[in-house]
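Worksheet for the structure shown next.
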């Protein structure tokens, strides 16, 4: 038997955003306002910056027939994949509001979103930055760090 260790590097910003990603952070927060979250009151917005410089946003979409809704992260990733299939992702910002107020803590993508992010990395052969936005702290890390043992074959 051999013991191995995972190392995770990430950066913490207090009450601010990474300067180079300020625009997509602001757009992710704005996108929370386009969420359809009448059941949970939990609105999530995501913004993606492509290598081309284009920015796209998505918001979570709930459905009374849970789990028929879709997370903000997958909403925007699938949109980008369908409409800009030849342009890699540089960064994604994710923000959440609960009943109209930005959450104090940053939120982290669900397992399904993490797996889709892993597929995006595989598709383009390139990792990308993920910015998790909270009212108190914002975290910057690589998408690959979110799911180190992603499903693949």
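Does residue 64 qualify as being assigned to a loop (DSSP other than H, G, I, E, B) and touching a strand residue (DSSP E or B) at 6+ places or on another chain (Cβ under 8 Å)? The answer is no for residue 64. Of all the residues in region 106-139, those that are closer than 17 Å to residue 11 by Cβ and surrounded by fewer than 14 Cβ atoms within 10 Å (Cβ to Cβ) number 1.
Only residues that are at pLDDT 95 or above, surrounded by fewer than 16 Cβ atoms within 10 Å (Cβ to Cβ) and either under 10 Å from residue 113 (Cβ atoms) or out of contact with any helix residue (DSSP H, G or I) (no Cβ under 9 Å at 6 or more places or on another chain) (or both) were counted across region 65-82, and they come to 2. Which one is modelled with the lowest pLDDT among residues in region 17-44 that are exposed (fewer than 14 other Cβ atoms within 10 Å of the Cβ) and under 14 Å from residue 103 (Cα atoms)? Step by step, filter region 17-44, then rank; the result is 41.
The values are calculated or read from the model by the stated rules, or taken from the named source; none is laboratory data. Fair warning: this is a prediction, and the values are worked out from it, not measured in the lab. No Cβ is skipped: glycine too gets one built from the backbone with ideal geometry, and neighbour counts run over all protein chains shown.
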